[in-house]
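The values are calculated or read from the model by the stated rules, or taken from the named source; none is laboratory data. All figures in this text were calculated on a predicted structure; none of them were measured in a lab. A quick note on method: Cβ atoms are made from the backbone with ideal geometry, for glycine too, and the neighbour counts reach across all protein chains shown. Ligands, DNA and RNA are excluded from the accessible area calculation, which covers all protein heavy atoms including side chains. Shrake-Rupley method; radii C 1.70, N 1.55, O 1.52, S 1.80 Å.
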Amino acid sequence: MGDPTTVLALLFTFGTLAPGGQDSVTSHTRVVRAARVPAPITLDGALSEAGWWAALPVSQFTQREPNEGAPASERTEVRVLYDDDALYIGARLFDRHPDSVRAQLARRDRVSNSDRFLVFLDCYQDRRTGFFFGINAAGTLYDGTLYNDDWESDTWDGVWDGQATRASLGWSAELRIPYSQLRFHKQKSLRWAINFKREIARRNERDYLVPTPSNGSGFVSRFVDLVGIEQVSPPPRLELLPYFTTRAEYLGHEAADPFNDGSRLGAGLGADLKIGIGNNLTLDATVNPDFGQVEVDPAVVNLSDVETFFEERRPFFVEGASIFNYGEGGANDFWGFNWANPSFLYSRRIGRAPQAELPDDYDYSLVPAGSNILGAAKLSGKVGSWSLGALNALTSREHARFSLGQQRWRQEVEPLTYYGVYRGLKELKGGRHGLGFIGTVTARSFEETRLSDELSSSAVGAGLDGWTTLDRDGVWVISGWGGMSRIAGTAERIRNLQESSVHYFQRPDAQYLGVDSAATALTGYAARVSLNKQKGNWMLNSAFGVVDPGFELNDLGFQFRGDQINSHLMFGHKWTQPGRLLRSWRLNVAGFRSYNFGGDVTWTGLFLTGLYELRNFSTGSWFVAYNPKTLSDRRTRGGPLMVNQPGVEWEFRMDSDPNKKWVYGGGLHGNHYQRGWEESWMAWAALEWKPGARVSLRLEPQVERIRTSAQYVDTFDDTLAVNTYGHRYVFADLDQTTVSASVRLNWIFSPRLSLEMYTQPLLSSGRYSGFKELAQPRSYRFTGYPDPAATADPDRIIVDPDGGGPVPGQEIDDPNFSLASLRGNAVLRWEYSPGSTLFLVWTQNRSDTETIGTFRTGRALTRLLDTPAENIFMIKVSYWWNP
């Protein structure tokens, strides 16, 4: 047959001259025509079958970057074919310097320093939503979903195939996308919308068939029509993914521990099911899922009263999650300044760690790490002009075991729980207007009445959202949402909820609040409306929002505070034409203010920020903010108002061209507030090395220093504290140092076989001194304490307001701390068949703490190395079956 390179070169030439005597499709025709496959296509990336010439080539691509509006620097030809089962996309990506084509392997959906080709499909032709599929020159696959016209998510993984090959005139790619992976209406003649994108890595060039202007809005709505697909029906959709897991845990233990001998072995079975309901709805279900292959959460040191938010990484909950996005439709940009934006769905609540308080006295325990998900089901799709989504999950009742001397007992720590989320969105007049709803339900069944005083028996949330476009050109959009919540439980549970950090109803100087100790339900509302300018070089965004003191979503959602009235006004300008130094840059200025429902100003300020891209494709951003004196209704943690000192906050960050062999970045963040309220700085750096097409190593070290003169310690009841409503609110100076790093190694053996390693060392110490109490509400005045006294327990201290006077001292845990942590995992992933995967996983965690507040690197590292490691090894095998 001859040299393969020569053959491919001839095919490239033939593709430009042969039925390429046909006129190619240009972006001005607003249509791409697909042709039926006259003969089978062998997916090898070469476009060697004669059937490809049945389709007209699409070749008029336009640069979006770096030279907006200019013709693409290299020629691209794309053809579209179809048969009864799948859509085929063939692309010839010519390059006058084929040896400069970059082809770096990466795990699926990971963007690398590579040339790429992508196709975007709007199968409903609603001009708002769709799918994308892509491949890079090394054969790595990319896919995901499009929504809200401008946004995309790569969390969805379809089962399809693509191949790429390189030749003397550039490279080429073939994609086969089964109809079973798409969603479309049944019609005799299909009319979809389509767009193509080519990326040339060495030039940072991005070419589109139809680009979105840098000062414009809308992506899906600009697609050209795809026609010519005849006599194709949506196929029956049924996919089954059974899996088997085995796990070995090797944990640190004490010899007398009756529940842990140092090792634990286990195995499990489960399955995922995907089934089409009609042509437009899909049911995804999972039974006894295991997410052991998911990357571990980073270690954090949280000294605030706000819960740490961790990103969802579990595939079942990540895939297709955009259907549940609420309150951010219509507009392409949303800003917020100190806005406690509540989320109706935080899927990490499902399968969370047990929430029950553990007994006060025990020697050893065995507590489940999380609630087992017995099963979950997710329904999504379109019915008419409505986009619908529903998520239902059931988690098991969990028990912990305890021992004290010779006594052993079993105790419920998490009840049987049902979670439900229901979402609908109707788009009108091609997406110019929208109206949606959301509903959430959490219901618990308690085995032990004790637990009903700690957790809500039920929680319900409901809301409406929508948007409207104010003008014909789609420049101005108003969007908004409103919602309510109702939590039910015992009087003890509702009292505790009212006094929690989200609500603080017990604040003694808040006349509009008060704890109702007899209440068995808590209700509240929240709403927000925003105005956004979508297009043009001048930008404007404004919003006004309220969160009622009783609004509560944390049973299934995420919310860090209630009792807020918030607004902002931002305007700015962007410059998109390249200059001598900059390719583009923008400048924004904003003013913002927050109140509580008592009318107190809890935060306000002015904000100036800028973003830029240099001619060498380095990027950066900066901001500076001034925050005047305000009042805090949170710093005393349920106590009276306290002054927030005025100050300045600033940040600068930069990143180099991501398409180089060496990629670096870094930044600085700092703030300075008067009277030592807080002075802190944080510095970080990033360095990535890509020595070849298969390996990348990334290191991100970070150092943080925090000094504050008002770190909350505790609250004590004392009738003598008449100036502070019969309570003493104890604070201290805090000097904290944290050093951490994240290290990632990716070794990609092939597009279907990869090894990813992640590790995070963290050292953090905090030293408390200068103990004191708030002297007067609505002030920043304190009354100092003598130095704490030691106790027989080295981890306990006594703080005494008057050093032996009439006010009794209080024994508390020593707040000084020194934490040394190391956690990480390694995941070998092999997709041995499309949709079928083998995972080999190793996870390690080691941690040690002591009540020494001085930062000592050598001591911390020695402790860390001496601490026994917890090692978990897991094998997971899944098999994709599609009848």
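Rolling a 1.4 Å probe across the protein heavy atoms gives the range 671-807 an accessible surface of 49 Å² per residue. Length gained on full extension, Q674 to L720, computed as 0.36 nm times the residue gap minus the Cα-Cα distance: 13.5 nm. Sites listed here are trypsin sites (Lys or Arg not before Pro) in the range 646-690 whose DSSP assignment is loop and whose Cβ has at most 13 other Cβ atoms within 10 Å: K661. Highest mean packing comes first when the peptides 251-259, 367-375 are listed by Cβ atoms within 10 Å, giving 367-375, 251-259. Report relative contact order for the range 531-664 in percent, whole number only (criteria: Cα-Cα under 8 Å, sequence separation at least 6). Once divided by the residue count of the range 531-664, the mean separation gives 15 percent.
For Rg and Dmax of the Cα atoms in Å, the candidate list reads [x] 29.8, 101; [y] 36.9, 129; [z] 33.7, 124; the entry that matches the value derived from this model is [x].
Applying a DSSP loop filter and a limit of 16 other Cβ atoms within 10 Å to the chymotrypsin sites (Phe, Trp or Tyr not before Pro) in the range 811-883 leaves Y879. For the peptides 418-426, 801-809, the ranking by mean Cβ contacts within 10 Å, running from highest to lowest, is 418-426, 801-809.
Taking loop as defined by DSSP and a crowding limit of 13 other beta carbons within 10 Å, which trypsin sites (Lys or Arg not before Pro) in the range 74-128 fit? Provide the component values of the computation, followed by the final result.
Values: sites: R75, R79, R92, R96, R102, R107, R108, R110, R116, R127, R128; in loops: R75, R96, R102, R107, R108, R110, R127, R128.
Within the range 74-128, the qualifying trypsin sites (Lys or Arg not before Pro) (loop, at most 13 other Cβ atoms within 10 Å) are R96.
Annotation for W747 and A789: the two label points, set 7 Å from Cα along the Cα-Cβ direction, are 6.0 nm apart.
Based on every Cα atom in the range 304-437, Rg and the maximum pairwise Cα distance Dmax equal 20.2, 72 Å.
Test of understanding: what is the full-extension gain from L581 to S833, defined as 0.36 nm times their sequence separation minus their Cα-Cα distance?
On the way: separation 252, 0.36 × 252 = 90.72 nm, distance 4.89 nm.
Gain in length upon complete extension: 85.8 nm.
Here the range 363-471 has an Rg and Dmax of 20.9, 76 Å, counting Cα atoms alone. Scaling against 2.2 N^0.38 Å puts the C-alpha radius of gyration of the range 334-390 at 1.87.
For the chain, carbon and sulfur atoms together expose 55% of the accessible surface, with a 1.4 angstrom probe and every protein chain in place.
The Cα center of the range 800-832 and the Cα center of the range 105-126 differ in position by 44 Å.
Taken as Cα centroids, the range 263-321 and the range 769-795 sit 44 Å apart, rounded to the nearest whole angstrom.
For the range 400-460 and the range 478-550, write down the distance between their C-alpha centroids in whole Å. About 19 Å separates the Cα centre of the range 400-460 from the one of the range 478-550.
Would you mind calculating the gained length between F334 and V383 on full extension (0.36 nm times residue separation, minus the Cα-Cα distance), in nm to one decimal?
14.8 nm
For the pair V807 and D257, a Förster radius of 60 Å applied to the C-beta separation gives a FRET efficiency near 0.90, rounded to the nearest 0.05.
How much accessible area per residue does the range 355-443 have, in Å², with a 1.4 Å probe? All intermediate terms of the calculation are to be shown ahead of the outcome.
Numbers: 4040 Å² over 89 residues.
It amounts to 45 Å² per residue over the range 355-443.
Per residue, the solvent-accessible area of the range 492-555 (1.4 Å probe, heavy atoms of protein chains only, all protein chains present) comes to 38 Å².
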